[in-house]
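Notes for the one structure printed next.
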Amino acid sequence: MNLLSSLQRSILVFSLIIIFLILVFMMHKLIKRELIKSKETKMLSLNTVITFKQFKQLITYRINQGENATFSLMMLTIDRFDQIRDNALETTVTDYMQAFGQILEYTLPLGAKLTQLAERDNFLVYLPEHTDEASIQTVAERFQVISQKPIELSSGIKIQKSLSMGFITYPKQADMFETLIDQLYKTLYTVK
């Protein structure tokens with residue numbers, strides 16, 4: 001009888017260990033799934049204007065989604081920005097860039113993200129739903145319309161601007177973030 005109860009205790013302990021391991025495994029899977037869902041929610045609900053680091057994380061995240069990821073990137077540059085930068089006070093240039101950034105933000109289509117590059121006159125735009133030529137052309141036309149209106153600064157100064165734009169679609173034209181950016185620069189400066 002003692003032998004049987006010892007065997008029963010061993011089976012009970014072993015069963016409890018197995019149940020514990022199964023629960024740990026299930027919790028691990030659940031937590032992993034929730035982290036992935038949380039990351040996706042965070043990436044897709046970022047503010048419209050984001051830092052370059054966040055922009056790179058978003059694009060890398062979308063690229064890692066594989067075949068399901070299709071999007072376009074647009075690079076905008078302010079033409080003749082060096083004339084503004086070289087002939088105006090730094091506060092005027094800063095006011096101009098802030099006003100221009102706000103105009104860009106208000107012009108973005110739903111779901112789009114905007115970031116400014118290290119070169120102050122260059123901006124990147126992520127367009128999640130615009131991958132066909134007609135849709136991209138519509139976005140480009142919206143930006144051309146806003147570029148034709150002068151920016152009036154708080155000091156009362158009006159500055160006329162024009163934009164050059166380049167587009168690239170993922171996965172058709174590149175497969176990595178750095179390649180996308182390189183292609184955008186080439187496209188943009190071919191246009192200029």
Cut-off 14 Å (backbone N to label point 7 Å along Cα→Cβ of Gln65), residues of the range 143-183: 170-171
What is the distance, in nm, between label points placed 7 Å from the Cα along the Cα-to-Cβ direction at Leu7 and at Ile22? 2.3
By how many degrees, between 0 and 90 and to the nearest 10, does the Cα long axis of helix 177-191 differ from the longest principal axis of the chain? 20
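Mean residue ellipticity at 222 nm from the helices of the chain, using -39,500 (n - 2.57) per DSSP H segment of n ≥ 4 over the full residue count, to the nearest 500 deg cm²/dmol?
Values: 6 runs with 111 residues, N = 192.
Counting only the DSSP helices, I get -19500 deg cm²/dmol.
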Table column - 3J(HN,Hα) (Hz), the range 111-121, Karplus curve with 6.51, -1.76, 1.60, x for Gly and Pro: x, 6, 10, 10, 9, 9, 8, 4, 6, 4, 8
Would you mind telling me the share, in percent, of accessible area of the range 57-140 contributed by carbon and sulfur at probe 1.4 angstrom? 46
Rounded to whole Å², per residue accessible area for the range 85-138 with a 1.4 Å probe reads 52
Quick one: which residues, 5+ away or cross-chain, put their amide H under 5 Å from the amide H of Ala112? H built at 1.01 Å from N. none
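The values are calculated or read from the model by the stated rules, or taken from the named source; none is laboratory data. All values derive from a computational prediction rather than experimental measurement. Heads up, the Cβs are rebuilt from the backbone with ideal geometry, glycines too, and the neighbour counts pull from every protein chain shown. Areas reflect the complete protein model, heavy atoms only, side chains present, ligands, DNA and RNA absent. Shrake-Rupley method; radii C 1.70, N 1.55, O 1.52, S 1.80 Å.
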